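Colleague: Take a look at this one; I'll ask things after.
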Amino acid sequence: GQEVGRRFHKLVDRLGSMAEETAKRKAEDELISDPENLLTFTPLGAGQEVGRSCHILKFKGKTVMLDIGIHPGKVGLDSLPFTDFVDLEKIDLLLVSHFHLDHCGALPWFLRKTTFKGRVFMTRATKHIYRLLLADFVKVSNIAAENMLYDDNDIEKSFDKIEVIEFLEEKVVNGIRFRPYNAGHVLGAAMFFIEIAGVKILYTGDFSREENDRHLVQAEIPPFRPDILISESTYGTHAHEPRHERELRFTSTIHKVVTSGGRCLIPVFALGRAQELLLILDEYWQAHPDLHNISIFHASAMAQKCMKEYETFADIMNERVRRMRPDNPFRFRHIYPLKSIHDFVDDGPSVVLASPGMMQSGLSRELLDRWAPDAHNAIIIAGYNVEGTPAKEILNEPAEITSMSGQRIPRRAKVHNISFSAHVDFQQNRDFIRTLKPAHLVLVHGEKSQMEHFKTGFLRDYVDLAEQHPITVHTPKNADAVEMHFRGEKMAKVIGRAAAEAAAGRVGGVLLQRAFDFHLVHPDELFKYTDMKTATVFQRQIVQFAHSMAVLQSYLARIYGADVVAAEQLTDGATRLTIRHGRVTIVPAPAPAAD
């Protein structure tokens with residue numbers, strides 16, 4: 001008997017599990033079959049590559065674009081994201097994460113020469129520096145006029161269309177809620193929280209979790225669990241060298257080169273890591289009087305303008321910089337601006353930080369051509385470099401390089417790769433994702449091999465969390481849509497007088513919907529929260545009832561509750577019943593008049 005009972009209970013449990021599994025599968029099928037529940041993410045750039053970051057989110061009829069950059073290794077139209085794959089007129093919102101060209105370099109073209117009609121947001125610091133950087137890009141680009149995407153006039157016109165959003169400020173555009181968090185990386189860089197119909201998305205852009213940066217804060221960890229995390233994967237499974245070891249190798253290498261009579265070229269972006277390296281070098285030079293007769297130059301046509309921007313936005317830098325105020329850490333003691341190579345007296349050892357960082361053109365490329373043949377000189381690559389750029393190619397230490405004039409010249413200068421790139425390495429990115437525990441992780445901004453290596457390594461290290469917080473990792477290439485399904489959240493906020501009544505146990509009112517926001521308001525307060533006006537409609541009906549008013553009152557009390565049905569004796573002896581605070585009144589009809 002016990003054995004039969006045990007088998008019976010086992011069968012019941014199994015049938016129950018099967019029923020649960022069937023119900024779950026049915027719910028999933030319903031979720032997937034409804035096109036309203038489909039959210040798509042499509043990279044138009046930076047999908048299995050680094051460069052021209054640009055992504056499209058679509059959900060519930062809303063479209064958001066994330067960044068609009070150019071590819072540093074390409075020119076003209078070839079450098080643009082694949083915007084042909086999207087209807088630009090239907091984009092509601094464009095969010096720009098930071099001022100680097102591979103994230104914002106196509107913005108003047110996009111705003112001036114396409115059908116885009118949506119709104120554009122970036123942080124205040126990003127907007128200020130955007131105009132300087134792009135003007136410099138147009139000025140130093142060594143490309144034919146027919147390959148220029150825009151000119152100075154386009155940059156100025158685009159500037160007027162950009163709206164500013166402060167860190168942690170929340171805005172809503174066409175039902176799309178968004179808020180920027182500090183991403184580290186460069187001054188003003190933001191990661192964006194986006195919410196559409198209750199689905200929470202976090203786009204990191206480029207971010208840094210470096211603890212010992214000279215001037216930037218660490219990227220924030222937002223206080224919520226996103227449904228979707230869109231994260232850079234630039235360095236794959238690479239581990240950054242410890243900061244103190246990097247700084248020691250950097251300064252000792254430069255010290256050795258210049259005291260041996262050589263020149264040292266450090267190609268950098270005009271803004272970003274350049275300021276970090278300048279802070280390190282200025283501090284090192286101050287501590288070594290034997291170097292005071294050797295000059296350090298920041299070779300950028302806009303170096304001085306850039307420094308003013310850094311002075312302006314010192315309040316969003318880290319505690320180290322804020323503690324130094326009112327002193328300005330960016331007023332260097334041993335570093336001098338250099339506007340052009342024509343102003344440079346190259347008559348001895350020196351250190352030059354020159355833009356652009358990938359040496360496609362400009363001052364950094366001119367100095368590379370000049371200094372590469374001399375074995376006393378050195379080139380220090382201090383940041384990440386994209387495939388197809390001179391900076392990436394020189395890391396292979398070729399015997400010869402092609403100059404800007406097209407000639408083959410020998411490369412005898414030593415090449416050192418000492419990265420201060422402000423991107424997360426594998427451990428920093430992994431720990432960031434483990435903290436947030438998203439349901440979906442979409443990897444972007446990484447070469448295909450680096451993405452795959454990161455995915456493999458991350459999933460291996462996520463095993464302990466996978467059962468409780470399952471995660472799906474996506475590695476899309478450009479123009480390939482990732483499809484995810486969400487029902488979207490519908491929650492009504494009770495406000496005003498309706499909220500007071502709800503607190504007393506009575507929930508009711510008029511449900512208002514604006515985009516994906518629902519509010520429950522008292523009918524008498526519609527004018528406060530909408531443009532609608534209220535009116536009172538009186539309706540009179542005569543219903544035949546064959547019993548007394550006392551019997552009717554008893555029936556109504558059973559239906560509505562005795563506390564909402566009230567009886568009142570009138571002067572003529574009749575009884576009047578009221579329901580719901582007088583909204584329904586019942587009185588005996590007068591007898592019809594005799595003919």
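The values are calculated or read from the model by the stated rules, or taken from the named source; none is laboratory data. Because the structure is predicted, anything quoted here is derived from the model rather than measured. A quick note on method: Cβ atoms are made from the backbone with ideal geometry, for glycine too, and the neighbour counts reach across all protein chains shown. Protein only, heavy atoms only, side chains kept; ligands, DNA and RNA dropped before computing areas. Shrake-Rupley method; radii C 1.70, N 1.55, O 1.52, S 1.80 Å.
Colleague: Name the residues whose placed amide hydrogens come within less than 5 Å of the amide hydrogen of His423, ignoring near sequence neighbours (fewer than 5 apart) on the same chain.
Modeller: Distant-sequence amide H within range of His423: zero hits.
Colleague: How many percent of the accessible area of region 435-541 is carbon or sulfur, using a 1.4 Å probe? It would help to have the intermediate numbers written out before the result.
Modeller: Details: 3460 of 6870 Å².
Roughly 50 percent, rounded to a whole number.
Colleague: Take the Cα atoms of region 118-229, build their convex hull, and give its volume per residue in Å³.
Modeller: Spelled out: Cα convex hull of region 118-229, divided by residues, is 140 Å³.
Colleague: Additional query: Any chance you could check the Cα centroid distance between region 264-333 and region 436-511 for me, in angstrom?
Modeller: 40 Å
Colleague: Rounded to a whole number, what % of the accessible area of region 43-93 do carbon and sulfur atoms account for, probe 1.4 Å?
Modeller: Of the solvent-accessible surface of region 43-93, carbon and sulfur hold 45 percent.
Colleague: If you count, for each residue, the other Cβ atoms within 10 Å and average over each peptide, how do 413-420, 43-50 line up from highest to lowest?
Modeller: Values: 413-420: 18.6, 43-50: 25.2.
So the peptides 413-420, 43-50, ranked by packing, come out 43-50, 413-420.
Colleague: Between beta-carbons, use under 15 Å as the cut-off and find the net charge around Arg243, counting Lys and Arg +1, Asp and Glu -1.
Modeller: Values: positive: Arg209, Arg214, Arg246, Arg249, Arg273, Arg320; negative: Glu210, Glu211, Asp213, Glu241, Glu245, Glu247, Glu276, Glu283, Asp425.
So the environment of Arg243 carries a net charge of -3.
Colleague: With respect to the cross-link table entries Lys139/Lys305; Lys171/Lys308; Lys117/Lys157; Lys60/Lys477, which display a Cα-Cα separation exceeding 18 Å?
Modeller: Values: Lys139/Lys305 15 Å; Lys171/Lys308 29 Å; Lys117/Lys157 14 Å; Lys60/Lys477 24 Å.
With Cα atoms farther than 18 Å apart: Lys171/Lys308; Lys60/Lys477.
Colleague: At 222 nm, what value in deg cm²/dmol follows for the chain if DSSP H runs of at least 4 each add -39500 (n - 2.57) and the sum is divided by all its residues, to the nearest 500?
Modeller: Calculated from helices alone, the mean residue ellipticity at 222 nm is -9500 deg cm²/dmol.
Colleague: Please list Trp285, Trp109 from largest to smallest accessible area, probe radius 1.4 Å, with all protein chains kept in place.
Modeller: Working: Trp285 0, Trp109 35 Å².
Final ranking, largest accessible area leading: Trp109, Trp285.
Colleague: In what sequence, highest mean first, do 189-196, 240-247 appear when ranked by Cβ atoms within 10 angstrom? Write down the numbers at each step before the final one.
Modeller: Values: 189-196: 25.2, 240-247: 14.1.
Ranked from most to least packed, the peptides come out as 189-196, 240-247.
Colleague: Can I ask one more? Restricting to Cα pairs below 8 Å that are 6+ residues apart, what does the relative contact order work out to for the chain? Please round to a whole percent. Can you show the working numbers first?
Modeller: On the way: 1130 pairs, mean separation 89.3, N = 595.
In percent, rounded to a whole number, it is 15.
Colleague: Percent of Cα-Cα pairs per 5 Å bin, from 0 to the last occupied bin, for region 365-464, please list those.
Modeller: Calculated P(r), rounded to whole percents: 2, 10, 18, 17, 12, 9, 10, 8, 6, 5, 2, 0.
Colleague: Let me ask you something else. Over the chain, average the accessible area per residue using a 1.4 Å probe and give it in Å², no decimals. If you can, show how the numbers build up before the last one.
Modeller: On the way: 29820 Å² over 595 residues.
For the chain, the solvent-accessible area averages 50 Å² per residue.
Colleague: Restricting to the chain, compute how many DSSP beta bridges are antiparallel as a %, nearest 5. Walk me through the numbers before you get to the answer.
Modeller: Details: 44 of 87 bridges.
Just about 50 percent of them are antiparallel.
Colleague: Still on this structure, I have one more. For the peptides 177-187, 457-467, 390-400, what is the packing order when you average, over each peptide's residues, the other Cβ atoms within 10 Å and list the highest mean first?
Modeller: Working: 177-187: 23.1, 457-467: 12.6, 390-400: 15.1.
For the peptides 177-187, 457-467, 390-400, the packing ranking is 177-187, 390-400, 457-467.
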